[in-house]
Every structure is written in structure tokens, then in C-alpha cells.
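Only one structure is covered here, and it is reproduced in the block below.
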Amino acid sequence: MIKFSRYILVAIGILVTSIVLPSLFWTIFEKVPRSPNIFYSCITEDFIVVDGSTRKSPEGKEYTSDEYEQALPFMFYRQLMADGTMPDTIKGVKMETPSIARASSFYRYTPKRLDAPVPTLWPLLESQSGKVNLAMPEDYFRIEKRMEFIVARTNEINEEKSSLFTDALTAEGFIFPANLIAGLPTTRKSCDEGYFITDNEGSLFHVKMIKGEPYVVRIETPEKLDIVYIEAVDLRSKEYYCYVFTRNQGIFVIMDEVYDLQRLPVDGFNPAIHTFRLSADLFNKCLTILGENWYEAIAVDDMYQVVGTHGEKWEGLYERPEGEMLATLFPFETRMRDENSSFVRFYFKPSPGIRWLIFNLIALIAAVLLITRRGWSWKANIPDLLITAVTGIYGLIATQFFPNKFSKVKPPAKK
Amino acid sequence: MLKSLIYKEWIKIRLVVWIALGLSLVALINIFLKVRHDILFVDAANYWYSFLFRGVVFFSILKFLPFIIGLAIAIAQYFPETVNKRIKLTFHLPVSENGVLIWMHTFGALVILTVFLVVLVLFTAGSAIFFPSNIIRASLLTMMPWFLGGMATYFLVALILLEPMWIYRGLYTAVAAGFVTVFYTGASIGAFRPVLMPLALITLLLSFVVLFSGYRFRKGEM
Amino acid sequence: MYAIECKNLTHYYGRKLVYENLSFNVEEGKILGLLGKNGTGKSTTINILNGFLQPNSGECLIYGENTQLLTPETKRRIGFLIEGHVQYSFMNIHQIEKFYSGFYPNWNSAPYWELMSKLKVTPKQKISTMSCGQRSQVALGLILAQDPDLLILDDFSMGLDPGYRRLFIDYMREYAKAEHKTVFVTSHIIQDMERLIDDVMIMDYNKILAQQPIGQFMSGFRQFNITLTSPDEEIDMDGIAVNIDKVKDKIEFYTYSKEDEVKGYLNAKGITYTAFEEKKMSLEDAFIGLTRKY
């Protein structure tokens, strides 16, 4: 029991040191990781890679600030108009501020959004109130055994409205409870499109409220999709309602009004670890998937046909000097946070390679020396030595912090 | 014998327990008066919104309360045992040395648990006036690591206080500080959900590490 | 039958030797006094006896049980007075009596309350606010109420007024003899100890200097004062003196030998003296004679 209690303490010691020491290390040595932005120029019909303040073509040609702005007229149209360098037409299309603004959009997805706590109550706005400004409702809905509206002021369920919407959902074949609920719970948008909801069987629905009445559409998908995340957007172009991320079937957008699912031509996207970026203008969309040390950019035209691709790979964390140093000093590292999640967990990150074996060996030798110096019994210290051999400096510190004084101590040798 | 033992432990901690309960009550009253006030001023729907979509935690004054309670009860219970090495008297009682520590510790932990439960039950009851179960559940989930942290603090501070050597007290404190910090890392509502079970398990395992200090004391580390 | 048996105790603090191969026994019904200067291992011995210290080698048995592994039944038979009369001073005298009574089936509160009635304390007064003497009475009263077979009293005299000390000693002696208790007592104040103890054990650094019945020790250990004829004479009294102090022509020396043996030794060595006197010693004198003044 007492020996066991010591091993618990040693384990806690290892846990704490494996959090604290690498975090100290990173505080001292961490460098900003490369995270380029990639755009597609309708002028050069090629990609532009932006790394901080440098902009380059895929071939490595560096753009000046002016060249860069002129290559991306939709992004910088206000600057170009001020300079008087905005072309009147591009590809035969007349350039007018409203159409430019309407077609431009940016979107960014990170795995932090997928692995995150989600609200379970949502406000359902009135989509056609007849007023110019949207208004927040006085109630919030949840979709558990049924769709329930709870009036905030009284904290009571609005039974009538709940039944109305539950029945409407059931009529469309909705299986309770809801799996994912995605919408824009804000009044600061051009119009309200309600929510995109998957039911307990993964079927996709569009739910909104029109003049107090439920509006429910079951959205047919070409194949059974394993949807893990939906993000509603408020595009001024009204091209599509939302992005739909599947576990491994790619990314889709749901086209406005017609509810067609358009698959974006990106392959190998894993929503759990990859970042996705999209920048759109009148002619093209540039889709980028980013891994830890690579990206793959795909440009599509307005019909989602691929017009170009470009990718790059660079040194990974553990190939850089500071990463190598970490992987030598520590056999692993523990973090409470992860760049791919909004949840707190014990993220255990083993160091790649076997360089850490050297430092584990040094820690082991230190442990052996300490035992010899104190004249402690070898047999009783075998577990400690094993712990140190496996966990390196963490184990060395933890076993010293919580000393192993169970074996009878031999009197020191006489001088 | 158990009754006697509990009697002594209770004499040591009762004042702190009443103060802890009083403080908790004041904190809870403060929370709900403020909720009531804010709901009057900004409208309930907006108030819910700020919790659901802006992550405004209306019970944040509870954050360090469990830590303070765990710390205070551990000190009230174990510090008097370390003055003049009074723990010798306790170990000399006609009970097994580990048994006596386990009983003392179990009693202390149960008292803390009771205080925590009182706080959580009152919080739930108060919240039920203003919020639906979804918000209450998310709130309880968010404060769970704080309360687990309070228990872990109690167990670790007992370990530190009973350790006979100052240098090791320092080292234990370093580890304990590192570990307890884990429970109080700022995080958004519900972010601790996946780690609650592991943390609860570790806290449970910590419940008897005080035996290690007791053992070191009895083997004459001083 | 022995109440305490310690065999071949060896202990180090770090590299500093406290003692090596120390053995002693305490017979049941006897009062043994462990005397020694500070730092000679009195506390170490008490800690080993109470199971708060594991010696590097050797063991102590109390009623046949290793003191590291005492069963609750045996602990119930041992009354333990901690150095400085340490008690749970956050309690008052009623609370502490209530507390301890739960642990001892033979609890007899009468002697406790008898002692308490003589103290001028209020019923709700915490022990921590009492004087040293009052606290000693509380600690003593609790041990008496526990009614143990073996009493281990660590430096009971610390901080006590002479009156309290005398009271304590007389009470303890009478009680121990009447109830046939075994007592193991340490003290660094030697005064009055001969009134209490049956056997004496005197410790010096790393060793035991004497362990025998008090009467035998007091009659067998002698001090002689001699005035030498020539003050400059260098003398050593190897083989006969335990300790010797020489100031000019005056010599004080301590020995287990009798007067005629000493005189014979001096004659054989050719040492001449003008005065020869055996000095009557108290236990304190004998203790200093044995352990030296520094």
C-alpha cells in the first residue's frame, strides 16, 4: 500500500515534469511555425504564396507590393480603385464594386472547431419577419427527445411551439435526437437561413421558421455521408448555405435554394488534423488543405472545375533543430492543450526516433550513481531504475523527489 | 475508537468547515443576486446568449473556492499534527498506524465532499430558477475540475504537511503546484469533459498517498 | 521477564554514528532511568522504542514485539509521554479526556480528574494556553488514566518547576511500585532522579558508560580528592581512574575502585600526597564524574 502510494506519487511527478519541462523548453526555443496563405490570381492564372510579408509565385518569383495587389484585384479592389489601376474588365467581365464585393469570400476551418464543446441551445430567428433588421427570439431550442423551445424570461417550455416544430420534423422523417446543429445565431447577418441539422441517423435537414411556422427540408445526399461538422455561412453571393465536412468523404457545400450537394475537389482531407482554407472571387476559388508541414492548394473555376494545383512541403517540427533537441532531451511530452482540439486532455506526444535513448541512458547512469553513493539496495531499486530507463529525466526527477527509502539502509562504509 | 478519532478531527476542522460553508453561501448568494440583476437589465434571452455563445461564465467566483476549502481543511487538520511532531501521539494510539491515517483522511475527505455537495446542490437549485438543464449541465461540467482540484489539493497538502523533512516538503510542493494547476487551467465551457474521468481517477489514487509521508515519519526521516 | 529488550542497535544519522551494537533490557516492574548529555542518543533510543525510527541494524522488542511493528494491543499497554509534555493542545481537558477514553477499554478517569482538580484551569481552557507545569499534569493524568503496563517518559522534567518535578517524581514512584508498572524514563536533569529510579543507564557518545541498579552504582562509583606533594608532577592514572581532573596540586578523580585499592595503586606508582579524601557524591555528581563536565 505504501509502496503503491509512492508509485502513484512518482507517476504524478512524471506527469507534471513531462508537462512542465517541455513547456519551459518551448518557451525558450519555440519559433513561429510556417503557415503560408495561398491565393489564386485570375490575372496571372497562377497561385500566390504569402509567407508573412513575402509573396511568391510557385516558381519562386517574388512579387512587389504593387504586383501582388494587382494580381489579386478582388482582394485589393479598393486600393486599386484609389490608385486608379483597377482594370475596367477582367476576362470580359465589367468590374463593378457591388459584384466584386458580392463574389469575394474567405473561409477557414481548423480541427479545433470539430473537437470542441458545442452549445446545446440555439435561438431560432424569424426568417421572414418583414422587418429590415433581424431580431433575436425570446426562446431557445434544443433537439433531444423532441424539439423544444424554452422561453428565457420564464425558463419554461413553450409547449405549443415545441409540438409544432417536433411534428414538422417528424413529418420529414427526422429521427430524434439531433446529432449536429449548425447555424448562425446572430442578428448581424444579411438574412436568416435557420439551421442545418443532422438527425440521430446522420440524415441532413434544413430547419427554419417562416412567419412563425416551421420550414423543414430533408436534404437528400448522393451517398450516405458521415458528416462530422457543418458550418453555416452568410455569403453575399447566396451561392451556398454551408460547408459540410465528412469524416473521409471530403468537403461539400450545400447550394442555395436547390439543396444540391457540391463536393469540393479536395482529396485526402482529414477534418481531425487538417486545416482548410477557401478564398473566393468572381472567377475562382482557391481551396487549401494545410497539414503540419505541408499544404495542397487547388484552384477551381466558378463551375468547381479544377484549373490548377500546387503543393509544398517543408521541415517538420522534429526535423528542425529545436524539435531535434526536444526529441533528444525528452522521450515524450505531455500537453493539456492541442492545436487540433478545443478540449483539455492529456495529450501524450512520444518523441520520434531513438535519440532520446541517449538522454535516458544518462538519466539512468545518474540514478545508478545516486543509489551507489547512498549505499541503497540494488534489488529494491530495480523498479526505479526501470522507470528512469523508460521515462528518462522525468523518471529520474520523480524518483528522487519521492525517495525510495523502504529498503533497510546499510550503514555507510567506514573510512 | 473511530468515534473518538472523528471527534478529534472534527475539533480541529469544525471552525474552518463553518467558515467554508459560510463563504460558499455568500458566493452563491452573490452569484444569483447578480444573475437576477443582470437578467432584469439585459433580458434573459440575451443573458443566456452570453453564456451559450460568448462563454461568459456567471459562476466564475466559484473557481478557486474548492481549492481554498481543500487547502484550509488540510491545514486545519494536519498542521496541528505537525506542531511538536504531535503526530507521534496519533501513531501511538492503539490502532494500526496506516489505519489511523486512513481514517483521519477519509473523514477529512468526506467532510470536504459534503461541503462541495452542498455547494453544488445549492448551485443547481439556484440555477434551476433561471436556466434550463442544458445550461446547468454545462455549468456543472465546467466547474467539475475546480472541485476535483479542491480534493486533490486536500490530499496533496496533507502529504506535504506530514512529510518530516523540509527539503522534501519543498519538492512535493513543486509537484503538487504543477499538478493542481492542471485543474485550474483556464478553459472554455465544457472543455474539460474528456479529461474529467482521468482526473477523477488520479484524484482517487491521491487519496491515500498521505501514507507515504506517514511511513517516512515513522521510519525516522527528520 | 523483560518489558523491553534492545539488541545490537546500530544507528547512523547520515555518516555520523550514534551508537553501535547497543544492547539493554528493562525488567518488568523496574524503573530505569536513561541519563546522558544532549546528543548522546537518548532521543534516538526513545524514537526507536516508540517505533518512530528504524535503526540501521538491530531491534528493540517491547513485550516480545518489534517496536517497528507493534500491534494495537501492545500499544495499548504502553503509556508514552512525549518530550515537552506534548499533547493535543487544541483541545481542553474535557475534550482530551473524552478523546482518549475511546481508545482504552480500561480507561480510569479518576486519577486524571484528581490531578485536574488541583490545576487552576477553567473547563473550556485550551491546553495550549496552559503553563508548562499544568500541561505536564494533563499529560501525566492521561497516562495514569490509560493505566498502561509500561510507561515511557521522555524528558519529563523539561520545563518543570522544582516543585512540580518533585511532585511528579514522588507520585510516579509510588504509583509504579504500587501498581507494579515498568517505567523507562529519560532526563537531562539528574537532580532528584535517585528518588525515582531502580536502575540507571548512562550514555555517552557512541556507548553506554554504566548500566546497573542505582544503589550499586552509587556505592560502587567513588570520587577521591587528593592533594599532591609536588604540584608539577605529571600523573596518569590509567587502569584505575574513569576520569581525572587536575588543578595545580589538587586532583579529583573518579573510579570504581575502593579506597585501599587506590592507595595501593598510588604507592605502587610512587605518587606522594598530603591529603586523601573520599567525597560523598549525589547522582548528579556521579553523572558528571562519569561523563565529564564538557
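Laboratory data are not the source of any read-out in this text; all were calculated from the coordinates shown. Predicted model only: the values in this text are computed from it and were never measured. A quick note on method: Cβ atoms are made from the backbone with ideal geometry, for glycine too, and the neighbour counts reach across all protein chains shown.
Entry note, chain B: the mean residue ellipticity at 222 nm calculated from DSSP H runs of n ≥ 4, each adding -39500 (n - 2.57), is -28000 deg cm²/dmol after division by the residues and rounding to the nearest 500. Straight-line reach from A:Lys211: taking Cα to Cα under 26 Å and skipping same-chain neighbours fewer than 8 places apart, the lysines in range are A:Lys131, A:Lys145, A:Lys161, A:Lys189, A:Lys238. Averaged over the residues of B:184-193, the number of partner chain Cβ atoms lying within 10 Å of the residue Cβ comes to 4. Each residue of chain A gets 220 Å³ once the volume of the Cα convex hull is shared out per residue. Any chance you could check the Cα centroid distance between the range C:148-215 and the range A:72-150 for me, in angstrom? Result: 92 Å between the Cα centres.
Shielding value for A:4-14 is 6, the average number of Cβ atoms from other chains within 10 Å of each residue's Cβ.
Residues of the range A:210-245 with amide nitrogen under 14 Å from the 7 Å Cα-to-Cβ point of A:Asp302? Once the point is set 7 Å along Cα→Cβ of A:Asp302, A:237-240 turn out to lie under 14 Å by backbone N, inside the range A:210-245. The gain in end-to-end length when the A:Ser99 to A:Asn133 segment is fully stretched comes to 9.9 nm, 0.36 nm per residue minus the alpha carbon separation. With the simple model of a label 7 Å out from the Cα in the direction of the Cβ, C:Gln212 to C:Tyr171 spans 3.4 nm.
Here the range C:274-292 is scanned for amide nitrogen atoms under 12 Å from the site 7 Å beyond the Cα of C:Ile189 along Cα-to-Cβ, giving none.
Ranked by how many other Cβ atoms sit within 10 Å of their own Cβ, fewest first, the residues A:Glu231, C:Glu259, A:Glu160 fall in the order A:Glu160, C:Glu259, A:Glu231. Applying a 4.7 Å Cβ-Cβ cutoff to chain C leaves C:Cys132 as cysteine residues with no disulfide-compatible partner.
Could you please report the charge total around A:Phe343, scoring K, R as +1 and D, E as -1 over all other residues with beta-carbon less than 13 angstrom from its beta-carbon?
Overall, the nearby charge balance is +3.
Relative to the compact-globule estimate of 2.2 N^0.38 Å, the Cα radius of gyration of chain B comes out at 1.14. Restricting the range A:180-260 to trypsin sites (Lys or Arg not before Pro) that sit in a DSSP loop and have at most 11 other Cβ atoms within 10 Å of their own Cβ leaves A:Arg188, A:Lys211, A:Lys224.
Approximating the spin labels as points 7 Å out from Cα along Cα→Cβ, the A:Lys56-to-B:Asn46 distance works out to 5.1 nm.
Do any trypsin sites (Lys or Arg not before Pro) in the range C:1-68 lie in a DSSP loop with no more than 15 other beta carbon atoms within 10 Å, and if so, which?
C:Arg15
Show me A:87-99, A:127-139 ranked by packing, highest mean number of other Cβ atoms within 10 Å first.
On the way: A:87-99: 11.0, A:127-139: 13.3.
Going from most to least packed, we get A:127-139, A:87-99.
Taking each of C:Lys37/C:Lys181; B:Lys12/B:Lys63; C:Lys207/C:Lys280; A:Lys379/C:Lys7; C:Lys42/C:Lys246; A:Lys112/A:Lys349 in turn, the alpha-carbon distance tops 22 angstrom for C:Lys37/C:Lys181; B:Lys12/B:Lys63; C:Lys207/C:Lys280; A:Lys379/C:Lys7; C:Lys42/C:Lys246.
Annotation: extensible slack from A:Lys31 through A:Val368 equals 117.7 nm (criterion: 0.36 nm per residue apart, minus Cα-Cα distance). Based on every Cα atom in the range C:2-216, Rg and the maximum pairwise Cα distance Dmax equal 17.0, 49 Å. Counted by neighbouring Cβ atoms within 10 Å, the residues A:Leu369, A:Leu282 run from fewest to most as A:Leu369, A:Leu282.
Taking the Cα centroid of the range B:118-172 and of the range C:88-119, what is the distance between the two, rounded to the nearest whole Å? Their Cα centres are 38 Å away from one another.
Which ordering of C:Cys6, C:Cys132 is given by a fewest-first count of other beta-carbon atoms within 10 Å?
Numbers: C:Cys6 21, C:Cys132 13.
Final ranking by Cβ density, sparse to dense: C:Cys132, C:Cys6.
Site pair A:Tyr107 and B:Leu141 shows an inter-label distance of 2.6 nm when each label is modelled 7 Å from Cα along Cα→Cβ.
Please sort through the DSSP H helices of chain A and keep those with an alpha-carbon extent of at least 30 Å along the long axis and a Kyte-Doolittle average not below 0.0. What comes out of the filter, once short or polar helices are dropped, is A:2-29. Work out the FRET efficiency for C:Lys124 and B:Ala174 from their Cβ-Cβ distance, taking R0 = 45 Å, and round it to the nearest 0.05. So the FRET efficiency works out to roughly 0.60. Fully extending the segment from B:Ser96 to B:Arg54, taken as 0.36 nm per residue of separation minus the present Cα-Cα distance, adds 9.7 nm. Here C:Ala268 and C:Asn38 are evaluated by their C-beta separation; at R0 = 45 Å the FRET efficiency comes out at 0.70. The smallest convex shape that holds all Cα atoms of the protein assembly as shown, its convex hull, gives 246 Å³ per residue. Of the chymotrypsin sites (Phe, Trp or Tyr not before Pro) found in the range A:307-341, those that fall in a DSSP loop while having at most 15 other beta-carbon atoms within 10 Å are A:Trp314.
Once the Cβ-Cβ distance of C:Lys258 and C:Asn66 is raised to the sixth power relative to R0 = 35 Å, the FRET efficiency obtained is 0.25.
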